[in-house]
Amino acid sequence: MMESRIARKGLVLIVASGSFFQAGCQVPQIQVSIGGQSLSLGSSGLQMGGLPTLPPMASLGGLTNPVQSSFIPGAPQTTDSGQSPLVGQTPVANPANPGTPVSVSTDASGVIPDSQRAPLMQQALQLAGVPVTNENVDAVNTIVTNESGWKPGVTNDWDSNARNGDPSRGLMQTIGSTFRANALPGYDQNIVDPLSNLIAGIRYAVKRYGSLQNVPGVASIAQGGGYKPY
């Protein structure tokens, strides 16, 4: 039990708290002493001197937990609008462990096999600090499928970036300057490394568009249109 005491000009306030709940904090009893008069507020109601006991706070206005905290340990963070970034999305069950890099290989045509893609995307999302949801995995898959065809070694040698000397490369087709600006330490040495490229590409996409669902190609397909490069 914790107890705090505040004394000022004859007023003594003792707050005793002894129980906590996941949804917040409940203070079971408050005692106030003014001069020689004692007032006690607890789960049984309000008592003052020899006056009749008033109803408990839980029965006033339908309040069942009048003192609550907005912080819930382990709960998802919320946006300024009060909505969770996971609203409308489904977390992936048992995502890949970000501490153990997944094994990635390519077939004879330089394509990463289907069986290796989901763990790789899950790990990249975790390391990029983006929620690992089915929707985000689908968005990354949409981008990679259309940008590189899941070929980590592919280089775009014909667009404006290539003409400027900084071609788009890797799974998410990032240019060198974008990769360097968004790569994480330890994943910033090789632009065509599958995991490193995904991390930088995901971080860039979220930074620029607010979410993976807002990436032009992903949003266009969701609305029944075709893919649009980002």
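Some notes on this structure:
- Consider the stretch 75-121 and keep the residues that are in contact with a strand residue (DSSP E or B) (Cβ under 9 Å, 6 or more places away or on another chain) and either modelled with pLDDT of 75 or more or under 18 Å from Ser148 (Cβ atoms) (or both). The one that is surrounded by the fewest Cβ atoms within 10 Å (Cβ to Cβ) is Thr90.
- Hey, Tyr227 of a type in the set (Phe, Trp, Tyr) and either buried (at least 17 other Cβ atoms within 10 Å of the Cβ) or in contact with a Phe, Trp or Tyr (Cβ under 6 Å, 6 or more places away or on another chain) (or both) or not: no
- Condition check for Arg208: surrounded by 14 or more Cβ atoms within 10 Å (Cβ to Cβ) and of a type in the set (Lys, Arg): no
- Some residue of the stretch 158-165 being surrounded by 15 or more Cβ atoms within 10 Å (Cβ to Cβ) and touching a helix residue (DSSP H, G or I) at 6+ places or on another chain (Cβ under 7 Å): no
- Evaluation of Val104 against (1) under 27 Å from Ala219 (Cβ atoms); (2) touching a residue at least 40 places away in the same chain (Cβ under 8 Å) (one fails), failing number: (1)
- Qualifying residue in the stretch 181-198 (condition: of a type outside the set (S, T, N, Q) and touching a Phe, Trp or Tyr at 6+ places or on another chain (Cβ under 7 Å)): yes
- Residues in the stretch 106-138 that are of a type outside the set (S, T, N, Q), assigned to a helix (DSSP H, G or I) and closer than 18 Å to Ala183 by Cα: Leu120, Met121, Ala124, Leu125, Leu127, Ala128.
- Meeting the requirement of 1 or more residues that are within 24 Å of the chain's Cα centre (by Cα), the helices (runs of 4 or more DSSP H) wholly within the stretch 139-230 are 176-182, 194-209, 216-222.
The values are calculated or read from the model by the stated rules, or taken from the named source; none is laboratory data. Remember, predicted model here, so these are calculated numbers, not experimental data. Methodologically, a virtual Cβ is constructed for each residue, glycine included, from the backbone with ideal geometry; neighbour enumeration extends over all protein chains shown.
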